[in-house]
Structures are given as structure tokens and as C-alpha cells.
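Asker: Before anything else, here's the structure in question.
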Amino acid sequence: MNNATKQNSFDVIIIGSGTCGATLAKELTKQGKKVLILEQGGNQVLKETFSGIAPIANEVPVASNMKALRAITTGGSTALYFAVSKMPPLDTFMSLGIDLYDELEEVKRELPLIDFPDELLTPQSIRLRQSMGELGYNCKKNLIMLDRSKCTSGYSYDAKWKAKVFVEEAVRAGATLTNQAKVTKILVENKEAIGVEYKIKSNVFKAYGAKIVLAAGSIASPKILRDSGIQDVVNRGFYCKPGFLMFGIVPGLKGRESFVGSMGAEFEDGAELGDTNMSSTLFKMLMLQNFKLLNLNGHAKTICMGVMLHDSMSGELKENGTFNKRLTDDEIKKFKKGEEAAKRILKNAGAKSIFKGGISASAPGGVIRINEHVDSTLQTKFRNLYVCDASLLSEDMKVTPTLTLVCLSKYLAKHLFSSIKGEKSPREIVEKEFNQ
Ligand SMILES: Cc1cc2nc3c(=O)[nH]c(=O)nc-3n(C[C@H](O)[C@H](O)[C@H](O)COP(=O)(O)OP(=O)(O)OC[C@H]3O[C@@H](n4cnc5c(N)ncnc54)[C@H](O)[C@@H]3O)c2cc1C
């Protein structure tokens, strides 16, 4: 604690300001804790335009020919996400000793969680749903985190809930947000985390905290843990939900700007088909990425659907911090079947020309394990070092993660609040020294 000063000492240091970091910051600040949020990205205004997305989008290889997308900015990946939601797997968490029932009830009151509204279904989504129904698929509507009042003229990027609002709330209540601050290491003394080392440009800084929470997302957190002395993360491989998009051009269709993910259907064990119609900006970006320049302005006449696999746990985190895995033959077969099914659906919907987009993946999951790398309070083997982000979602939690992660972060915030209450925080120790 030698270098701790009143200025660089906090009750809680949170690494990352995505879904989990933002929720923790908001909850702990509300309880009067002195919180520092260290965020690697900037704090720009979030916009769904080419110039808004380019500086924050970051693609990271996770498997052969597959990259996962994340956002590096205040609010993390919710800056780019679709806001589609599924209920948290409460029973799975309960079996791990984590009761999220109360947190879910709180979140339902606080977040704009609604059934995907029928009025927001666009002609592309309606045609897709009809076609899937005709071919016998049991389409289920999704939940979405959406402020309906901001959708008066249909699609609105701003209507989707984003973690940035929680960061802003925390900052208004007194939290310190430091942007462009990349945490490289947790400072550990006698098996106890006491602070973090971070870089802003090439300058190295240190901050000290009674509790440190690693919430840097599943792409970054495993490497930070390894570099800090917890070696055995990613010891069972990872899943990355690989998927691809299929596009069908339907002459005469008068499509509109769409929210992604109105509904989906299980295709066969471990594979899903879903509505991935989108806004025209995202559509243009995808056409450019897939070299479909002739269809750059074809948003209104194109139906888009997604094929996604629940892949098995395999692969590794290499020394340099990159992930790598190969799909099994069985998974490749499922992908082919999914492609055939999507072609049938799009043809039945009236598509005259059908093409496939590139394969991509989600951020790796199952990489830090509850009751193995962290206990049921999410504490690692180093006292006062916690992990709370999508790294903790194991392969049997088949959910879109955000809603679950908000609940999990609230759960940890309650635990941290009650455990800090009984201890002297570095702030109190430092203040005492200053006052003597
Ligand atoms: C295109 C897209 C669509 C998605 N759609 C959905 C959806 O519809 N529904 C859903 O539930 N989920 C969706 N997701 C996933 C969801 O956004 C993430 O699972 C969730 O936000 C993860 O939260 P997190 O707190 O674990 O990490 P993140 O939100 O990724 O936040 C991690 C933060 O940590 C910062 N960071 C990383 N390393 C460091 C470091 N060394 N030092 C300091 N800061 C660091 C990052 O910049 C980032 O801000 C989508 C994701 C993407 C990319």
C-alpha cells in the first residue's frame, strides 16, 4: 500500500465499463462507495453511423476464419448490441450457489424489458416469419430491452438500452471514470489484490482499492488474470456460438429499418435460425464487408436471417492472449444443414437471389468458471479480486447474455457492499494517515 494516496485509493476499482462494470459502478456508487472505473476505450457519443461505429468496433480472431466483435468504449459491447433478451438461467445459477431471483425482479422494474412489439415488425421480418411458419418452424418471439417511447417512427438506435446510461448515472453520483486507461495487471501482495496497474498511452499508473472487480469482457479478462498469476483459466476450452447470415433478395418488397432479432426458432439440437433483419446502416456495412457492392442500396428488398450454432467447448487461449479453436465435423455438418434450411425459407419467402455472408462468432464463453476459478461470491483465489463479466457464462447457459449479466452484477454489488461495510477501506486508512 506504499504508493497509495487519498487520490488514487478507492473502495472499489472496476476494470471495464460494459454491461457488468456499468451495473456495478451504478449500484456501488448509489451505496456511497468511492468507485473508480477504468475503461480502455474513449467516451464518445454513441451513434449508429459509419463514423460512430468505426472507432469503437474491434474484431478479434477466436477460431479459424472467425472473428468476434466487441465495442471498446464507455458502455462496452452494448454500444453495438441488438438488445435481444432471454430470461436468465436462474436454476443453473442456483445450482452454483448463486440466487438471482431478487435481482431479476429488480432488473425487470428498472430496465425497459418488453416482448418484441408487433407494431415494430417490418415487412422483411413479417415475410420471414410467415415463410418459417409455412415450413413448420416453431418461431418464438424474443424479449428486447427497448424504450418504446423512442420508437415513434419505427427503428431507433437510441431506443435500445445501453450500459453507458448506468456509467453516466454512477459518474453523476460521484464515481470516477477514467477513459483510455488499459489495465495490464492486478497488483497482488500476499495473495491479496490491492490495486491495479494501467496505462494511458505509454504512461503507467497505479490505483489502489479494497476490492477489485475484473469486468473487462470475456476477450480480455482471461489474459489479465493469467498475467496476474491465475494461470489455469480457459482450461476446458471455450464456446463462441459461430454463425452466419443469409440474404434473400425479394423483388418488390418494401422493407423498412428493422431491429435485429424479433424472433427465432430452434432448428435442430444445438442450432438456431433467427430474424436478423436490421437497419440500413448496418446492412450497408455488411454489404461492403461481403463485397456485395451491387446490393449496397438493396436494404428494402432484402430479407436477412441468421444461422447460429451452440458449439462444444474446445480450443485454447494462447500465450499471446489470442483465442483459437476449430469446429468439429459434426458442427460443420450442422452449419451446412442450417444453410440449406435458410435457403429453403428465403426461397419460400419469394427470394429470387440468395447469398451467404461470412462466418463470425460471439465473444468466447465458459472461460472463467464459477466454483473453480471464482467462488460463488465471484471472488478469485486472490482475496478481494473478483470477476464479473461474460467470461463466467458457462456452456449450459444458452442465453443472450446482457440481462443475465445485469442480474449477476447486482448480485455481486450487494455482496461487495456488505463485505466492505465490515472492513476498513484503503480510503479510510489513507484518510486516517492524512489526518494524523
Ligand atoms: C454486435 C453484437 C450484438 C450483440 N447482441 C446482443 C443481444 O442482442 N443481446 C444480448 O444479450 N447480448 C448481445 N451481445 C453481447 C453483449 O453485448 C455482451 O455479452 C455484453 O455486453 C458483455 O458484457 P461484459 O460486461 O462482459 O463486457 P463488455 O460489454 O464487452 O465490456 C467490457 C469493457 O471492458 C473494456 N476493457 C477491455 N479490456 C480492458 C482493459 N484491459 N482495461 C480497461 N478496460 C478494458 C472494454 O473496452 C469494454 O468497454 C451482442 C454483442 C455484439 C458485439
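Asker: Using only Cα atoms and rounding to the nearest 10 degrees, what angle (0 to 90) does helix 329-348 make with the longest principal axis of the chain?
Answerer: Between helix and principal axis, roughly 50 degrees.
Asker: Run a plain Debye calculation on segment 205-344 (Cα atoms as equal point scatterers, no solvent) and give log10 I(q)/I(0) at q = 0.15, 0.17, 0.21 Å⁻¹, rounded to two decimals, same order as the q list.
Answerer: The calculated log intensity ratios at q = 0.15, 0.17, 0.21 Å⁻¹ are -0.90, -1.00, -1.19.
Asker: Distance between the C-alpha centers of segment 68-94 and segment 238-262? Whole Å please.
Answerer: 19 Å
Asker: Here is a further query. Starting at the first residue of segment 235-252, write each ³J(HN,Hα) from the Karplus equation 6.51 cos²θ - 1.76 cosθ + 1.60 with θ = phi - 60°, in whole Hz, x for Gly and Pro.
Answerer: Listing the rounded values in order: 7, 10, x, 7, 10, 9, 6, x, x, 8, 9, 10, 10, x, 8, 10, x, x Hz.
Asker: Are there GluC sites (Glu not before Pro) in segment 302-389 that DSSP marks as loop and that have at most 13 other Cβ atoms within 10 Å, and which are they? Don't skip to the end; give the middle numbers.
Answerer: Values: sites: Glu316, Glu319, Glu331, Glu339, Glu340, Glu372; in loops: Glu319, Glu372.
Within segment 302-389, the qualifying GluC sites (Glu not before Pro) (loop, at most 13 other Cβ atoms within 10 Å) are Glu319, Glu372.
Asker: Sum up the charges of everything whose Cβ sits under 14 Å from the Cβ of Leu177, counting Lys and Arg as +1 and Asp and Glu as -1, but leave Leu177 out.
Answerer: +1
Asker: Got the relative contact order for segment 104-255 handy, in percent, Cα pairs under 8 Å and 6 or more residues apart? Intermediate values should be presented prior to the final figure.
Answerer: Details: 127 pairs, mean separation 24.8, N = 152.
That works out to 16 percent.
Asker: First obtain the Kirkwood hydrodynamic radius of segment 1-90 from its Cα pairs, then insert it into the Stokes-Einstein equation at 10 °C and 1.306 mPa s, and state the resulting D in µm² per second as a whole number.
Answerer: After rounding, the answer is 103 µm²/s.
Asker: Now for a different question. Just to check I understand the Karplus step: with θ = phi - 60° and J = 6.51 cos²θ - 1.76 cosθ + 1.60, what whole-Hz values come out for segment 383-394, glycine and proline as x?
Answerer: Along segment 383-394, the couplings run 4, 6, 10, 10, 10, 8, 6, 5, 4, 7, 7, 7 Hz.
Asker: Take every Cα-Cα distance within segment 152-258, group them into 10 Å bins from 0 onward, and report for each bin the whole-number percent of pairs it holds.
Answerer: 10, 27, 26, 19, 12, 5, 1
Asker: When ligands, DNA and RNA are left out and all protein chains stay put, how many square angstrom of accessible area per residue does the chain have with a 1.4 Å probe?
Answerer: 43 Å²
Asker: Hey, another quick one. Which value in Å does the Kirkwood hydrodynamic radius of segment 56-159 take, with 1/r averaged over all unlike C-alpha pairs and then inverted?
Answerer: Radius from the Kirkwood sum: 16.9 Å.
Asker: I need the trypsin sites (Lys or Arg not before Pro) found in segment 11-47, filtered to DSSP loop residues with at most 16 other beta carbons within 10 Å of theirs.
Answerer: Here the sparse-neighbourhood loop sites are Lys47.
Asker: In addition: Suppose we keep just the DSSP beta bridges with both residues in the chain; what percent of those would be antiparallel, to 5?
Answerer: Working: 53 of 74 bridges.
Among the beta bridges of the chain, antiparallel pairing accounts for roughly 70 percent.
Asker: When N is the residue count of the chain, what does its C-alpha Rg come to as a fraction of 2.2 N^0.38 Å?
Answerer: Compactness ratio reported: 1.00.
Asker: Another question, if that's okay. Please report the base-10 log of the normalised intensity I(q)/I(0) for segment 325-367, using a Debye sum with one equal scatterer per alpha carbon and no solvent, at each q in 0.15, 0.18, 0.24 (1/Å).
Answerer: -0.53, -0.69, -0.94
Asker: I would also like to ask the following. Karplus couplings for segment 27-44 from phi (6.51 cos²θ - 1.76 cosθ + 1.60, θ = phi - 60°), rounded to Hz, Gly and Pro as x?
Answerer: Coupling constants for segment 27-44: 5, 6, 5, 4, 8, x, 7, 8, 10, 10, 10, 9, 10, 5, x, x, 10, 6 Hz.
Asker: Tell me which residues come under 5 Å, amide H to amide H, from Ile370 once H is placed; ignore anything under 5 positions away on its chain.
Answerer: Result for Ile370 returns nothing.
Asker: Okay, next question. Gly195's amide H: which non-local residues (gap 5+, or another chain) put their own amide H closer than 5 Å, with H modeled 1.01 Å from N in plane and none for Pro or chain starts?
Answerer: Those lying under 5 Å, H to H, from Gly195 are Leu187, Gly209.
Asker: Kirkwood Rh over alpha-carbon pairs of segment 210-263, then Stokes-Einstein at 37 °C and 0.692 mPa s: what D in µm² s⁻¹, rounded to an integer?
Answerer: Reported coefficient: 205 µm²/s.
Asker: Let me ask another. Could you tally the net charge around Gly18, taking each other residue with its Cβ under 12 Å from the Cβ of Gly18, Lys/Arg +1 and Asp/Glu -1?
Answerer: Working: positive: Arg70, Lys162, Lys164; negative: Glu39, Asp389.
Local net charge: +1.
The values are calculated or read from the model by the stated rules, or taken from the named source; none is laboratory data. Since the structure is predicted, the reported quantities are computational estimates derived from the model, not experimental observations. Every residue, glycine as well, gets a Cβ built from its backbone with ideal geometry; the counts of neighbours run over all protein chains shown. To get the accessible areas, we keep the full protein, side chains included, count just its heavy atoms, and leave off ligands, DNA and RNA. Shrake-Rupley method; radii C 1.70, N 1.55, O 1.52, S 1.80 Å.
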